[in-house]
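Here's the structure, in structure tokens; my notes come after.
The values are calculated or read from the model by the stated rules, or taken from the named source; none is laboratory data. Note that this is a predicted model, so its numbers are computed, not measured. Neighbour counts are summed over all protein chains in view; Cβ atoms, including those assigned to glycine, are modelled from backbone coordinates with ideal geometry. Note: areas computed on protein heavy atoms with side chains; ligands, DNA, RNA excluded. Shrake-Rupley method; radii C 1.70, N 1.55, O 1.52, S 1.80 Å.
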Amino acid sequence: MKIERIVLRQLRMPLVHFFETSFSRTYERNIIVIEVVSDGLSGWGEITAGEHPFYNEEWTAAAWLIAKDYVAPRLLNREIAHANDVYALTKHIRGHNMARGGVEAAVWDLQARRNGNPLWKEIGGGARREIPCGVSIGIQDSVEQLIGKIETELAAGYQRIKMKIKPGWDVDVLRRIRERFPETALTADANSAYTLADTLLLKQLDAFRLTMIEQPLAHDDIIDHAQLQAQLETPVCLDECIRTAHHAEQAIHLKAGRIVNIKLGRIGGFGEAKRLHDVCEAAGIPVWCGGMLEAGIGRAHNIALATLPNFTLPGDVSAAKRYWKRDIVTPEIATTPHGTIVVTDEPGFGYAIDHDFLRHVTVHEETITPSS
Ligand code: OSB
Ligand code: MG
């Protein structure tokens, strides 16, 4: 396929409820939507970078420039034999996996549409017809508020509850949550808020029978996580520090964790996500699909990804209405009463773009062509 133009759109979408992690509180998402056009067909992707370089080094404004000045020129007007080739074509751009991955995912969507396939089939997924869903609940203003949110999500059918933690919002909070919900599958995500000096505190969490603790230590660390895992009963799940399939090989070799969170953007797209998935599967490490507060296109891509066989644990991909009053795709991405999302058979990512609403939330748009 030959990509004739790439349209970048920056959206501004307020969240229904703020989302607080150990690194910041988000009220509104600045999402970049990528449209790659070839032979009268469009493929769609979403760049999942945050508004600030706090989760990783990427943020919306930088991702825009990377996509426009570095990724697009490498893809435009050349014969791309397969979407798999996009990762290699952009590989010498160091880092910026989300910017690269958003465009890569759009090329996969385009290829799926050219072949008349649903995206999940195009990427080699399809191990399940419904993906198991959990929710990620941010830091709240009070434990009572957190309990209320958990009750709501359990009533909606979600299969596991992940809570964000940080120093000062950890042991006491999790103790009260475990007392109140003795049988619920609970996990905690620290987003790199601790160091090995906190080992004794983190060991206290073992008492709460968490399914896992996600990325307790530095965003770019693997070695300290291995030291910590050796002292914890709770499985460590790696998120931020796994940016390539090779990182997972290293982490597995060092026993730095027992579970991996795969995020399409963090890993640079479907090609590398599949390799990461395969490395983990071969080592007996289960994976699940993480989220970055995506709008409908990114959420649909996550659903396709989560149909690969080793995505055996409930992920952070949940109903659109938890994030948005109105989404950019239709029909609304919703969950079943038993906490799953049913995979669709439509070509491409499986939902229709709501073009009117997309236009409504677009604050900046630019079309990149071979000559621009
Ligand atoms: O670490 O998984 C994370 C959101 C923004 C940045 C990092 C993370 C998250 C989430 C939310 O946990 C997942 C979601 O609901 O999309
Ligand atoms: Mg995480």
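Points worth noting:
- Contact order, relative form, for the chain: 23 percent (alpha carbon pairs under 8 Å, 6 or more residues apart, mean separation divided by residue count).
- Restraint check, K2/K274; K166/K321; K121/K164; K68/K166; K2/K121; K91/K325, Cα-Cα greater than 31 Å: K121/K164; K68/K166; K91/K325
- Between the beta carbons of D39 and A62, assuming R0 = 22 Å, the FRET efficiency works out to 0.10 to the nearest 0.05.
- Projecting the Cα atoms of N97, N302, I259 onto the charge dipole of the chain (Cβ charges, centred on the Cα centre) puts N302 farthest toward the positive pole.
- Using just its DSSP H runs of length 4 or more, each adding -39500 (n - 2.57), the chain gives a mean residue ellipticity at 222 nm of -8500 deg cm²/dmol after division by all residues.
- Scattering curve values for the range 122-342, log₁₀ I(q)/I(0), Debye with Cα scatterers, q = 0.09, 0.13, 0.16 Å⁻¹: -0.34, -0.72, -1.11
- Selected from F349, M13, L217, residue furthest toward positive end of dipole (the chain; charges at beta carbon): F349
- Taking the longest Cα principal axis of the chain as reference, the axis of helix 296-305 is set at about 70 degrees.
- Qualifying GluC sites (Glu not before Pro) in the range 231-308, DSSP loop, other Cβ atoms within 10 Å at most 15: E233
- Gyration tensor analysis over the Cα atoms of the chain returns equivalent ellipsoid semi-axes of 33, 22, 19 Å (largest first, whole Å).
- Label-to-label distance, V342 versus T312, with points set 7 angstrom from Cα along the beta-carbon direction: 2.7 nm.
- Neighbour cut-off at most 16 other Cβ (10 Å), DSSP loop, trypsin sites (Lys or Arg not before Pro), the range 175-255: R209, K255
- Charge dipole of the chain (Cα centre as origin; +1 on each Lys and Arg Cβ, -1 on each Asp and Glu Cβ, all else neutral): 220 debye, rounded to the nearest 20.
- Computed accessible area, F357, all protein chains, 1.4 angstrom probe, square angstrom: 30 Å²
- Heavy-atom surface analysis with a 1.4 Å probe gives the chain a carbon and sulfur content of 52 percent of its accessible area.
- Dipole of the chain [Lys/Arg +1, Asp/Glu -1 at C-beta], most positive-end residue of G148, C237, M1: M1
- Compactness of the range 300-349 was expressed as the Cα radius of gyration divided by 2.2 N^0.38 Å, which yields 1.15.
- Contact order for the range 122-342, expressed relative to its length and based on alpha carbon pairs under 8 Å spaced 6+ residues apart, stands at 24 percent.
- Rounded D (µm²/s) - the range 73-224, Kirkwood Rh over Cα pairs, Stokes-Einstein at 4 °C, 1.567 mPa s: 69 µm²/s
- Distant alpha-carbon pairs in the range 211-354 (separation over 18 angstrom), percent: 56 percent
- The range 34-61 and the range 262-311 have their alpha-carbon centroids 16 Å apart.
- DSSP-defined beta bridges in the chain - what % are antiparallel, rounded to 5: 60 percent
- With each label modelled as a point 7 angstrom along the Cα→C-beta vector, the H364-I223 pair spans 3.9 nm.
- Each Lys and Arg contributes +1 and each Asp and Glu -1, all at the Cβ; summed about the Cα centre of the range 140-252, the dipole is approximately 280 debye.
- Rounded to the nearest whole angstrom, the semi-axes of the ellipsoid equivalent to the range 207-251, taken from the Cα gyration tensor as √(5λ), stand at 19, 10, 9, largest first.
- Taken one residue at a time, the phi angles of the range 218-235 give Karplus couplings (6.51, -1.76, 1.60, θ = phi - 60°) of 3, 4, 10, 9, 10, 5, 5, 4, 5, 5, 5, 4, 4, 9, 10, 7, 5, x Hz. Gly and Pro are set to x.
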